[in-house]
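Quick one: structure below, then a few questions.
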Amino acid sequence: MLLLAWLPWWIDLPLLLAVVAVQLVQPARLHGHDDQLRLALRWGLAGLLLAVYRSLQGHQLALTLSLLAALSGFSLLVLLESWLKHKPVRNRALAASAPEWRELALAPVGPAAEIVELQLPAWTQLDDAVQDNPVGITWHTRHRCRVGGEVYLEHVEPRVSIAPGQRWLVLPITAGRGVVLYDRTRAKQYRLRGWQLYGWHGGEAWLSRGDDRPPLALSHVLGQDQGEE
């Protein structure tokens, strides 16, 4: 302000207009310095008014003309700040780093698809002659067996399908009413009525309710239809 007050007004005016142009253009290198530019314009305008008053000294209307110039200058400054505040933000640095429409059009939509290839279940028959087997099933009666130490599976058929990795065991419920899944790691069993074993994928059972319906992963089925004994 002191520098502009000391310089002639016809030098101050182009300098202030340059600051206004910088605020209107908003170059990327000056992004984040809006407050400094606004203060520079305010104090610079005050210095310009002092230079105008100094140049009009000896004129009988010097004070009046200086006040009119101050009113006009600060009114324009308020309008400029209001327009800069409400105009859409245009960040050229972000626009330059944003992908073009061609890249967006060719980019894949959504996550990459995963092809699930199910391994058909292999069933091992359990009869009265086979009392023990590698997965720890002990057959007691016609529709009752023991898995591990003290876990009993009731009303099941004498056949089992073992998951890859041997964590899960699946036994059909009698009369085809569903399946019983036994988690050997957690020693928990799940009785799912109306579901049938469709296949295995990644050590997880995939179940279906019929040939006309797509199979679902066990994690999805347990979230909808979970029964535990």
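I want to check the label-to-label distance for residue 2 and residue 115. Put each point 7 Å from Cα in the C-beta direction and report it in nm to one decimal.
Computed distance between label sites residue 2 and residue 115 equals 7.8 nm.
May I ask you to give the solvent-accessible area per residue for region 168-229, in square angstrom, as obtained with a 1.4 angstrom probe?
Values: 3040 Å² over 62 residues.
Dividing the accessible area of region 168-229 by its residue count gives 49 Å².
OK, next. Just how much of residue 151 is accessible, in Å², when a 1.4 Å probe is used and the result is rounded to the nearest 10?
40
Could you give the nm distance between label points at residue 82 and residue 146, where each point is 7 Å from its Cα heading toward the beta carbon?
Each label point is offset 7 Å from its Cα along the Cβ direction, giving 8.9 nm.
Sticking with this one: Write down Rg/Rh for region 159-229, rounded to two decimals, with Rg from the C-alpha atoms and Rh from the Kirkwood relation over Cα pairs. Intermediate values should be presented prior to the final figure.
Values: Rg = 11.1 Å, Rh = 12.0 Å.
A ratio of 0.92.
The values are calculated or read from the model by the stated rules, or taken from the named source; none is laboratory data. From a predicted model like this one, the values you see are computed outputs, not experimental measurements. Counting neighbours? That spans all protein chains shown, and the Cβs are built from the backbone with ideal geometry, glycine included. Heads up: the accessible areas ignore ligands, DNA and RNA and are worked out on the full protein's heavy atoms, side chains in. Shrake-Rupley method; radii C 1.70, N 1.55, O 1.52, S 1.80 Å.
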